[in-house]
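Reviewing the structure listed below.
The values are calculated or read from the model by the stated rules, or taken from the named source; none is laboratory data. In this text the structure is predicted, and so the values were computed from the model without any measurement. Note that each Cβ is placed from the backbone with ideal geometry, even for glycine, and that neighbours are counted across all protein chains shown.
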Amino acid sequence: MYGEEEKEMKNTDVALVILIAAVSVAISYFLGNAILGDPNDRVTTVDYMETISDTVEEPDVESFNPYTLNPTVEVYVGDCGAMEVWDSAAKKCRPIISEEDEDTAPTSANSEE
């Protein structure tokens with residue numbers, strides 16, 4: 001069915017495809033080096049981290065307010081009144097701010113005196 005001419009033509013087609021692939025790889029290589037440049041010529045500066053200190057500084061009072069609600073305290077909804085939390089050790093509700101801290105606790109702008 002296929003003659004010698006068709007078989008020879010297929011061999012030349014394969015050779016032509018291989019030649020085109022080789023030429024395009026070479027062009028891509030040289031064009032890539034021309035655009036990107038040599039990676040050995042690139043210089044980068046690296047910033048080093050400072051050593052970590054083992055001292056702990058006191059937190060800023062504005063950032064860490066000691067009179068805010070503590071989310072780790074167990075609160076039983078319905079058992080305690082407003083501004084009270086459940087004291088597991090005493091098995092009863094206690095005010096969030098103790099009476100000793102009331103005079104030093106910050107007051108809200110809407111509170112009436």
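In summary, A26 fulfils each of the numbered conditions (1) surrounded by fewer than 10 Cβ atoms within 10 Å (Cβ to Cβ); (2) more than 28 Å from the chain's Cα centre (by Cα); (3) modelled with pLDDT of 75 or more with the single exception of condition (1).
Against the condition at pLDDT below 80, assigned to a loop (DSSP other than H, G, I, E, B) and of a type in the set (D, E), how does E50 come out, does it pass? Here the answer is no, as E50 does not meet what is asked.
For the subset of region 39-59 comprising residues that are among the charged types (D, E, K, R) and over 25 Å from the mean Cα position of the chain (by Cα), which member is farthest from I96 (Cα to Cα)?
Pass one, region 39-59, residues among the charged types (D, E, K, R): 41-42, 47, 50, 54, 57-58.
Subset that is over 25 Å from the mean Cα position of the chain (by Cα): 41-42, 57-58.
Working: D41: 65, R42: 61, E57: 27, E58: 23 Å.
In this case the residue turns out to be D41.
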